[in-house]
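Rule-based calculations on the coordinates, nothing more; no lab input. What you are looking at is a predicted structure, and each value in this text was computed from that prediction instead of being measured. Note that each Cβ is placed from the backbone with ideal geometry, even for glycine, and that neighbours are counted across all protein chains shown.
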């Protein structure tokens, strides 16, 4: 995937995350500035999501750590680079649940 394709796909994914947060009904504020999506919880904690074009990855910084996601074109999904069975939206649901103290389910917008 070239950089232009990556940027288009990553931008689409970040917008899908925003839509999923909105649809979840969870009390999560979000803001996008440049290539960075910030999720903010009522307890003041944040999850930062940004794209890393040189590596063709989406990076997530949560209270539990920093995570890098690669795109699998065959399965058409982003997965954790250290475990290809851990999909981006499922992992974000887990991170949001951990940080918010409430159950958060972020489904993919398809």
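When the chain is treated as a Gaussian network with alpha carbon springs shorter than 10 Å, the biggest mean-square fluctuation among 27, 35, 83 belongs to 83. Ordered by the number of other Cβ atoms lying within 10 Å of each residue's own Cβ, fewest first, 59, 78 fall into the sequence 59, 78. Only Cα pairs under 8 Å and 6+ residues apart enter the sum, and on that basis the relative contact order of region 67-110 stands at 24 percent. Ordering 68, 79 from the fewest to the most neighbouring beta carbons within 10 Å gives 68, 79. Picking from 94, 52, 76, which is most flexible by a Gaussian network model of the chain using Cα springs under 10 Å? Residue with maximal mean-square fluctuation among 94, 52, 76: 76.
From the coordinates of this entry, log10 I(q)/I(0) by the Debye sum over Cα atoms at q = 0.12, 0.20 Å⁻¹ is computed, and it appears in (1) -0.46, -0.95; (2) -0.36, -1.06; (3) -0.82, -1.07 under the label (2). Taking region 25-48 and a reference point 7 angstrom along Cα→Cβ of residue 98, the backbone N atoms nearer than 19 Å belong to 27-29, 37-48. When 104, 21 are sorted by how many other C-beta atoms sit within 10 angstrom of their C-beta, beginning with the fewest, the order is 21, 104.
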